[in-house]
Amino acid sequence: MSFMQIKDLCVHYPIRGGFFNTVVDQVYAVDGVNMEFEKGKTYGLVGESGSGKSTTGKAIIGLEKITSGSIIYEGKDVTNQRRERTSAYNRDIQMIFQDANSSLNPRKRVKDIIAEPIRNFLKLSDQEENKRINELLAIVGMPEDAKYKYPHEFSGGQKQRIGIARAVACNPKLIIADEPVSALDLSVQAQVLNFMKDIQEEFGLSYLFISHDLGVVKHMCDHISIMYKGRFVETGRREDIYQDPQHIYTQRLLSAIPNIEPATRIERNKERQGVEARYQAEQHKYYDENGKVYALEKISDTHLVAVNINEKGGK
Amino acid sequence: MANIENLLTIKNLHTSFRIKDTYYDAVENISINLNKNEILAIVGESGCGKSTLATSIVGLHDPINTKITGEILYKDLNLAAISESKFNDVRGNDIGMIFQDPLSALNPLVRIGEQISESLVYHTKFTKEQRKERVIELLNQVGIPNPERVVRQFPHQLSGGMRQRVMIAIAIACKPAIIVADEPTTALDVTIQAQILDLLKELQAETKSGIILITHDLGVVAEIADRVAVMYAGQVIEEAPVEELFNNPKHPYTRSLLNSIPQMNSENEKLQVIQGLVPSLKNLPREGCRFSSRVPWLDANTHEVNPVLHEVSPGHFVRCTCWKHFDFESAEGGN
């Protein structure tokens, strides 16, 4: 059973212009997104830059104004109460940012950084707070004396782990991870990913994992949605997406990922050209005349694809 | 291939930076050569010295705080020792460079056409019309639609992929024999990355130039490189032809790196983690195996005192002897 539903989420930015600075057009950054979150699952959101995946994440947590649509959290509509200090939603949904460096206040000690959500939401005495901070540092595998240091004294991977410690401080239900590893080196990335999986098992967390790296997403996510121009083009379980991609855009993304087997190089290049040719030839099947993708259609219980139904009938 | 023609030879190159009156080697004793018609990839994590190596080849280091010793031999010139004015003849003409972030590498106030023809002004005797023609030709070559319009545009009017194509056009404007590409696709989306990589490969096949590709992405390496050098802490620790490296990696670092990639076709396993951290430039151990602190469970006498590159099979070099004792089971035990 899902604890949170997102219905028809839209985030539009007005473009102003003309003599009176009136709204002349809209940017449809997120345009009708539906999602459901279940406990202990990881949801991947994949797309190229500008596809609206980060905006979706920010809109869910409340850093971005929602134009229309609703967010239902545990049966309650929280669409306009997302940033209220007293609301449970604000405590239970946390975020990990892409650039750990700029998401940590350089003038605060690690202790104060991690304690911030605790001080906001939980009424703990100093001793309890101290104990909780030590616990959190232990969870993210850092020594206790780290709490008296400043962010600049840590490496990139460690900073990202401090960010994670802050996010899990109040036992959240859902963590929105916006490209948490794309600024990290390979071996550090592995560390952070392993660690995210560990705490997920331990606390039954759900993740909304936003990334452009399909390899990482495959490793982490149970359920994946591919985004293009603010809309989902395909959504389904991991197996659905990777083994049976239906939409040309998904196929294109998958064929573009470099593989670490040099032997298959030429073969993959051919495949890529094939997909590209089909992409050029079959545009109308997948995009309408404005270049927008169609509404999602169910092709199996778990797998939804945005295709033109009329075209599909003729196939 | 029978006629391997050597293009660039680097011999015992040291590039060191000054930190408070002491010079620290960021690139230590690197010897490597680039052949004609070859893509040589240099891989490593941040801070391993791969970009320092690239900028040393192109001579873009701050001369006051940097010391370069050793030899970078191109034709009959030693690029590490020639004067700046002489270097100006080589840079852009014989060696082109592609930078990571095209937006900050392009001048935002200068039109695309002018930026591309800049190196033509310096290095060729083309007339204005000829230059214009060549610019259009270049833009066509790198696959930019409607080049007549693009020459009059500014960088901010182009998308990231288009900007990177413009960068490539600038780099190949004078038909250089060597192209140094420093993370050319890191700032791009995967689909654009695939296009740019295909483009680089095509151009290389056409012009038979040599490309030095600096990257941290092993996927990119597997996709287009011919030969790979893996760097760790300022040294080359493994060098091999691309298939050999991916199918038969030897050095513990290379093997751990390959195992830490979340793979498309592997299932939910734990990713391999390398213990510890890359030591910073100031704290680098200058003796012994650089990687020893990351594999602490290996006995000290499995490392060489002064690790050198050993040829384990034709063209495949590995530094130190510790790889013979490294396996992932013992790594697990050590964790």
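We did not get these values from a lab; they are worked out from the coordinates using the rules stated. These figures come from a predicted structure and were not determined experimentally. Here Cβ is always computed from backbone atoms with ideal geometry, including for glycine, and neighbour counts include all displayed protein chains.
Remark: the protein assembly as shown projects, on average over all directions, an area of 33.6 nm² (convex hull of Cα atoms).
Considering only DSSP beta bridges whose two residues both sit in chain B, what percent are antiparallel, to the nearest 5? Taking every DSSP beta bridge within chain B, about 65 percent pair in antiparallel fashion. Note on B:E243/A:R83: beta-carbon distance plugged into 1/(1 + (r/R0)^6) with R0 of 56 Å gives a FRET efficiency of 0.55. A straight line joining the Cα centroids of segment B:169-231 and segment A:46-79 runs 38 Å.
Inter-chain Cβ neighbour count for A:251-261, averaged per residue, equals 6 (cutoff 10 Å, partner chain atoms only). Across peptide A:216-226, what mean number of C-beta atoms from other chains lies inside 10 Å of a residue's C-beta? The per-residue average across the peptide is 2. Only helical runs count toward this figure. For chain A, summing -39,500 (n - 2.57) over DSSP H runs of n ≥ 4 and dividing by all residues gives -11500 deg cm²/dmol at 222 nm.
Please report how far the C-alpha centroid of segment A:131-191 lies from that of segment B:311-326, rounded to the nearest whole angstrom. Measuring centre to centre over Cα atoms gives 36 Å.
Exceedance of the 26 Å cut-off in Cα-Cα distance is limited, within the set A:K111/B:K20; A:K58/A:K147; A:K7/A:K58; A:K65/A:K108; A:K7/A:K53, to A:K111/B:K20; A:K58/A:K147; A:K65/A:K108.
Only alpha carbons enter this Debye calculation for chain B, each as an equal point scatterer, and the log10 of I(q)/I(0) it gives at q = 0.06, 0.09, 0.11 Å⁻¹ is -0.23, -0.51, -0.76. Angle of helix A:186-203 to the longest C-alpha principal axis of chain A, folded into 0 to 90 degrees and rounded to 10: 70°.
Distant-in-sequence amide contacts of A:V233, defined by a placed amide H-H separation under 5 Å and a gap of 5 or more residues or a different chain, comprise A:I226, A:M227, A:Y228. For B:E287 and A:E135, the FRET efficiency from 1/(1 + (r/R0)^6), where r spans their Cβ atoms and R0 equals 41 Å, is about 0.50.
For the pair segment A:265-282 and segment B:1-76, the centres of their Cα atoms are 37 angstrom apart. Close amide H contacts of B:N35 (hydrogens built in the peptide plane, cut-off under 5 Å, sequence separation of 5 or more or a different chain): B:L7.
Taking a ≥ b ≥ c as the square roots of the eigenvalues of the alpha carbon gyration tensor, segment B:269-326 is oblate, as a/c is not under 1.5 and a/b does not beat b/c. For A:S2 and B:D76, a Förster radius of 51 Å and the Cβ-Cβ distance give a FRET efficiency of 0.10, rounded to the nearest 0.05. In terms of other Cβ atoms within 10 Å, B:L281, A:L186 run from fewest to most in the order B:L281, A:L186. Note on A:187-197: average number of Cβ atoms from other chains within 10 Å of each residue's Cβ is 6.
Within the listed set B:I274, B:I168, B:I178, the Gaussian network model of chain B (springs between alpha-carbon atoms below 10 Å) gives the highest mean-square fluctuation for B:I274.
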